[in-house]
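The values are calculated or read from the model by the stated rules, or taken from the named source; none is laboratory data. Keep in mind the model is a prediction, meaning the values are calculated, not measured. So basically every Cβ, Gly included, is an ideal-geometry build from the backbone, and we count neighbours across all protein chains shown.
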Protein chains: 2
Amino acid sequence: MQAGKPILYSYFRSSCSWRVRIALALKGIAYETVPVNLIKDGGQQFSKDFQALNPMKQVPTLKIDGITIHQSLAIIEYLEETRPTPRLLPQDPKKRASVRMISDLITSGIQPLQNLSILKKVGEVSKDLREETQLTWAQNAITSGFNALEQILQSTAGKYCVGDEVTMADLCLVPQVANAERFKVDFTPYPTISCINKRLLALEAFQVSHPCRQPDTPTELRA
Amino acid sequence: MQAGKPILYSYFRSSCSWRVRIALALKGIAYETVPVNLIKDGGQQFSKDFQALNPMKQVPTLKIDGITIHQSLAIIEYLEETRPTPRLLPQDPKKRASVRMISDLITSGIQPLQNLSILKKVGEVSKDLREETQLTWAQNAITSGFNALEQILQSTAGKYCVGDEVTMADLCLVPQVANAERFKVDFTPYPTISCINKRLLALEAFQVSHPCRQPDTPTELRA
């Protein structure tokens with residue numbers, strides 16, 4: 001068993017890492033960050049040492065309680081089961097289903113289609129107009145997910161994604177909205193998403209975990 | 001509240017639908033299938049009626065207990081919480097974390113990158129050698145996930161993906177292996193995946209839920 005603090009392998013800009021950072025902040029779990037720069041040196045996630053830790057070559061990875069967990073939602077569900085306060089899943093199974101449905105919509109229906117490694121591959125396949133193709137690809141992935149999400153939220157949301165408590169779904173929403181902003185997505189069709197995002201960004205846990213305030217945030221991007 | 005049997009909106013060949021069909025079979029839950037043909041009529045998931053049901057225009061969707069759930073893992077977790085026998089998640093939180101990690105690796109790290117709608121988009125972007133590019137794209141998505149999975153399974157697997165009990169991870173594995181076979185992936189580097197897959201396919205729940213035995217399976221593909 002590991003005696004010290006949990007260790008989070010993270011990249012400041014990774015939306016998947018941000019999800020976990022919010023969970024750790026909300027639950028008040030002290031941890032150490034080991035930055036993995038996904039761009040520098042051709043991508044530090046491809047180093048031999050990191051691959052031995054996470055064969056998927058992705059962040060986040062969390063070392064905690066003597067085990068190593070990959071995949072943001074698996075990490076958050078583990079934290080929820082072992083550190084249940086404050087809860088990130090409602091008690092009612094039907095509401096829990098809504099939370100997981102929205103979380104999965106974002107983590108398997110949107111983010112994987114617009115992440116760095118896929119955009120690289122799209123660029124390789126398209127050859128000409130590389131950057132324009134990558135931007136359009138990312139925008140399409142996000143807007144087709146957000147079109148669905150906006151509609152779903154209209155029946156699940158209260159103050160936040162599902163009712164009036166912060167849940168795992170909110171931990172997925174905010175980082176995905178940040179990605180959408182980076183890819184210059186037009187938010188006019190998404191008033192519900194925008195409004196919930198704004199409310200969440202006012203909470204301290206979403207601020208301390210923000211990409212602009214991480215140990216590995218470059219000086220020029222700090223806020 | 002809905003009085004009748006649960007209704008599963010499913011497509012025989014959809015690997016995400018198959019995951020849920022295995023869960024329903026293992027838990028002995030009787031249900032009705034409403035087939036949604038993802039190819040016919042330009043894709044029945046794009047019909048106005050289906051979009052009203054599932055704005056993501058994807059299968060599976062399950063109507064159960066008066067609610068409608070999308071996303072295969074959200075559905076399986078709901079079934080697990082409301083119909084816990086036989087369990088698809090171990091009792092130990094650390095083992096549950098392994099099950100969810102493997103499930104998420106497949107459902108967000110592999111499947112979304114090789115599904116029908118993405119391959120269509122890859123074809124549109126690449127223009128020339130469309131089919132060859134799509135095949136290579138799908139193979140790369142699967143092998144890079146399977147390379148990681150094979151390594152992870154070496155520390156988690158017993159008879160099945162995590163220990164000796166069938167878990168949610170196994171429900172994700174078998175349909176993904178079937179996709180890999182369809183895309184002619186070479187299984188030589190994946191002895192653990194192959195071996196677990198073979199054991200699982202011998203179980204009745206994996207057989208009755210198989211794409212070759214669904215109400216919407218075309219006659220020529222029946223077995």
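Of note:
- Enumeration of residues in the stretch B:162-180 that are within 14 Å of B:ALA205 (Cα to Cα) and polar (S, T, N, Q): B:THR167
- Within the stretch B:100-109, considering residues that are facing another protein chain (nearest Cβ under 9 Å) and in contact with a Cys (Cβ under 7 Å, 6 or more places away or on another chain), the one nearest to B:ILE152 (Cα to Cα): B:ILE102
- Look at (1) over 20 Å from A:SER108 (Cβ atoms); (2) within 7 Å of chain A (Cβ to nearest Cβ); (3) basic (Lys, Arg) and you find that B:LYS159 fails only one, number (2).
- Candidate set: the stretch B:69-94, residues that are more than 9 Å from every other protein chain (Cβ to nearest Cβ) and touching a helix residue (DSSP H, G or I) at 6+ places or on another chain (Cβ under 8 Å); chosen: the one nearest to B:ASN37 (Cα to Cα): B:ILE76
- In the stretch B:177-209, the qualifying residues are those that are acidic (Asp, Glu) and either within 17 Å of the chain's Cα centre (by Cα) or outside the structural domain of B:ALA138 (by TED's automatic domain parsing) (or both), and the one that is nearest to B:GLN134 (Cα to Cα) is B:GLU181.
- Any chance B:LEU171 is in a helix (DSSP H, G or I), more than 13 Å from chain A (Cβ to nearest Cβ) and on the phi < 0 side of the Ramachandran plot: yes
- Any pair with Cβ under 9 angstrom, 6 or more apart, that starts in the stretch B:161-176 at a residue that is in the same structural domain as B:SER72 (by TED's automatic domain parsing) and ends at one that is part of a helix (DSSP H, G or I) and surrounded by fewer than 24 Cβ atoms within 10 Å (Cβ to Cβ): none
- Within the stretch A:110-136, the residues that satisfy the criterion of being assigned to a helix (DSSP H, G or I), touching a residue at least 24 places away in the same chain (Cβ under 8 Å) and facing chain B (nearest Cβ under 10 Å) are A:GLN111, A:LEU113.
- The condition of being of a type in the set (Gly, Ala, Ser), on the phi > 0 side of the Ramachandran plot and modelled with pLDDT of 95 or more holds for only one of B:GLY158, B:GLY163, B:GLY145, that being B:GLY163.
- Test: residue in the stretch A:39-54 that is more than 12 Å from A:MET168 (Cα to Cα) and touching a helix residue (DSSP H, G or I) at 6+ places or on another chain (Cβ under 6 Å): no
- Considering A:ALA141, A:ALA157, A:ALA148, the condition of being surrounded by fewer than 23 Cβ atoms within 10 Å (Cβ to Cβ) and in contact with a Leu (Cβ under 8 Å, 6 or more places away or on another chain) is satisfied by A:ALA148 alone.
- In the stretch B:56-67, the residues that are facing chain A (nearest Cβ under 9 Å) reach residues that are surrounded by 19 or more Cβ atoms within 10 Å (Cβ to Cβ) and modelled with pLDDT under 95 with C-beta atoms within less than 6 angstrom, at least six apart or across chains, in these pairs: B:LYS57/B:GLN45.
Every residue, every condition in (1) among the charged types (D, E, K, R); (2) within 30 Å of B:ASN140 (Cβ to Cβ); (3) touching an Asp or Glu at 6+ places or on another chain (Cβ under 9 Å), yes or no:
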site: A:GLY123; (1), (2), (3): no, yes, yes
site: A:ARG130; (1), (2), (3): yes, yes, yes
site: A:SER144; (1), (2), (3): no, yes, no
site: A:ASN147; (1), (2), (3): no, yes, no
site: A:LEU153; (1), (2), (3): no, no, no
site: A:PHE183; (1), (2), (3): no, yes, no
site: A:PRO189; (1), (2), (3): no, no, yes
site: A:PRO211; (1), (2), (3): no, yes, no
